[in-house]
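Read through the structure below, which is laid out as structure tokens, and then see the notes.
The values are calculated or read from the model by the stated rules, or taken from the named source; none is laboratory data. Since this is a predicted model, take the numbers as computed values, not measurements. Glycine gets a Cβ as well: all are built from the backbone with ideal geometry, and neighbour counts include every protein chain shown.
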Amino acid sequence: MKQKGLFVSFEGIDGCGKSTQIKLLRKRLVKEKRKVIQTREPGGTPLAENIRNLILHTHTETVSKETELLLYAAARAQHVSTLISPNLKKGVIVLSDRFADSMLAYQGGGRNIKTDEINKLNEFATGGLNPDITFLFDLPSKIAAIRMKKAGRKKDRMEKEGIRFQEKVRRAFLKIAASNPKRIFVVDAKLPVEVQSEIVYAAICRVSRITAE
Ligand SMILES: Nc1ncnc2c1ncn2[C@@H]1O[C@H](COP(=O)(O)OP(=O)(O)OP(=O)(O)O)[C@@H](O)[C@H]1O
Ligand SMILES: [Mg+2]
């Protein structure tokens with residue numbers, strides 16, 4: 001059975017503006033009285049949020065890249081099965097701050113785990129569910145770091161990896177976008193907030209018309 005809802009993911013390196021844009025889109029859709037939920041990865045359900053804390057907190061032992069990968073996948077499996085899929089079936093627009101592409105970019109591009117392995121794990125965790133549309137907010141990591149510093153944000157374990165790691169992740173995201181040109185919409189995250197928000201909204205209108213047909 002075809003899902004009635006619309007699944008939208010927001011991707012990009014830390015500090016590129018995902019949360020800013022997802023909030024603006026949700027507000028606009030709520031104003032239009034559309035059924036919409038906003039969620040995030042890792043997390044989105046009580047169990048998955050607990051896994052998020054495990055992933056993002058600094059531990060007294062080294063976290064192996066395999067452990068990290070499996071924790072992300074476990075959180076995603078719970079998120080999809082208990083929150084995303086049930087809502088899509090009810091016809092809700094689901095906006096997710098990060099999804100499977102983040103694992104490909106961070107654990108693949110950033111940590112050098114083989115793409116095939118990550119794809120297999122993602123397929124297992126999501127049951128083959130893909131976003132209808134993904135926005136990739138592309139920003140040089142130096143600018144992202146300046147924005148986060150300005151906002152006075154405390155860095156989590158992943159954000160502490162530094163500029164070079166973030167730049168590797170950024171390049172991986174762009175590669176993923178190039179391989180999925182129909183699904184992934186690259187937004188220039190250097191643009192002003194309002195301009196990006198209009199671009200996102202216009203793309204959503206276009207996609208919801210197509211999926212409604
Ligand atoms: N277009 C923009 N121009 C300038 N500053 C921006 C823009 N978009 C967002 N910012 C600012 O950059 C900072 C990071 O934005 P935001 O929290 O939305 O990024 P994020 O991608 O959600 O980061 P994270 O991955 O760490 O959650 C915030 O202080 C935000 O106000
Ligand atoms: Mg955010």
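Tell me whether the range 73-88 contains one or more residues that are free of Cβ contacts under 8 Å to residues at least 12 places away in the same chain and surrounded by fewer than 16 Cβ atoms within 10 Å (Cβ to Cβ). I'd like the intermediate steps shown before the answer.
In the first step, residues of the range 73-88 are kept if they are free of Cβ contacts under 8 Å to residues at least 12 places away in the same chain; the result is 86.
Retained after the next criterion (residues that are surrounded by fewer than 16 Cβ atoms within 10 Å (Cβ to Cβ)): 86.
The answer is yes, given that some residue of the range 73-88 is free of Cβ contacts under 8 Å to residues at least 12 places away in the same chain and surrounded by fewer than 16 Cβ atoms within 10 Å (Cβ to Cβ).
Can you tell me how many residues in the range 160-182 are within 11 Å of ligand 1 (Cβ to nearest atom) and touching a Lys or Arg at 6+ places or on another chain (Cβ under 8 Å)? Final tally of qualifying residues: 0. Set side by side, the residues 120, 114 differ, and just one is in contact with a helix residue (DSSP H, G or I) (Cβ under 8 Å, 6 or more places away or on another chain), free of Cβ contacts under 8 Å to residues at least 12 places away in the same chain and over 19 Å from residue 156 (Cβ atoms), which is 114. Residue 132 passes every criterion in (1) surrounded by 15 or more Cβ atoms within 10 Å (Cβ to Cβ); (2) closer than 16 Å to residue 71 by Cβ; (3) acidic (Asp, Glu) apart from (2).
Scanning the range 7-29 for residues that are of a type in the set (Lys, Arg) and surrounded by fewer than 22 Cβ atoms within 10 Å (Cβ to Cβ) yields 23, 26, 27, 28.
In this structure, is residue 153 touching a residue at least 60 places away in the same chain (Cβ under 8 Å), more than 30 Å from residue 85 (Cβ to Cβ) and either touching a helix residue (DSSP H, G or I) at 6+ places or on another chain (Cβ under 7 Å) or within 16 Å of ligand 1 (Cβ to nearest atom) (or both)?
On the way: touching a residue at least 60 places away in the same chain (Cβ under 8 Å): yes; more than 30 Å from residue 85 (Cβ to Cβ): yes; either touching a helix residue (DSSP H, G or I) at 6+ places or on another chain (Cβ under 7 Å) or within 16 Å of ligand 1 (Cβ to nearest atom) (or both): yes.
Judged against the criteria, residue 153 is a match.
Can you spot a residue in the range 50-69 that is basic (Lys, Arg) and either within 15 Å of ligand 1 (Cβ to nearest atom) or in a loop (DSSP other than H, G, I, E, B) (or both)? Looking through the range 50-69, at least one residue is basic (Lys, Arg) and either within 15 Å of ligand 1 (Cβ to nearest atom) or in a loop (DSSP other than H, G, I, E, B) (or both).
Among the residues of the range 1-49, write down those that are assigned to a helix (DSSP H, G or I) and basic (Lys, Arg).
Residues of the range 1-49 that are assigned to a helix (DSSP H, G or I), as a first pass: 18-31, 46-49.
18, 23, 26, 27, 28, 31, listed by residue number.
Filtering the range 104-113 for residues that are modelled with pLDDT of 95 or more and either within 16 Å of ligand 2 (Cβ to nearest atom) or over 28 Å from residue 74 (Cα atoms) (or both) leaves a non-empty set.
When you scan the range 94-151 for helices (runs of 4 or more DSSP H) that lie fully inside it, which ones turn up with 3 or more residues that are over 26 Å from residue 37 (Cβ atoms)?
Values: elements: 100-103, 115-126, 141-150.
So the answer is 115-126, 141-150.
Scanning the range 1-38 for residues that are acidic (Asp, Glu) and closer than 17 Å to residue 102 by Cα, we see that the one that is modelled with the highest pLDDT is 11.
Each row is one residue, and each column tells you yes or no for (1) in a strand (DSSP E or B); (2) at pLDDT below 95; (3) of a type outside the set (Val, Ile, Thr).
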site	(1), (2), (3)
156	no, yes, yes
168	no, no, yes
178	no, no, yes
199	no, no, no
209	no, yes, yes
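Quick check, is residue 92 away from ligand 1 (no atom under 16 Å from the Cβ), buried (at least 22 other Cβ atoms within 10 Å of the Cβ) and in contact (Cβ under 8 Å) with a residue 40 or more places away in the chain?
Details: away from ligand 1 (no atom under 16 Å from the Cβ): yes; buried (at least 22 other Cβ atoms within 10 Å of the Cβ): no; in contact (Cβ under 8 Å) with a residue 40 or more places away in the chain: yes.
Answer is no for this residue.
Taking the range 1-49 as the range and being over 14 Å from residue 196 (Cβ atoms) and of a type in the set (A, V, I, L, M) as the test, the residues that pass are 1, 6, 8, 13, 29, 30, 36, 37, 47, 48.
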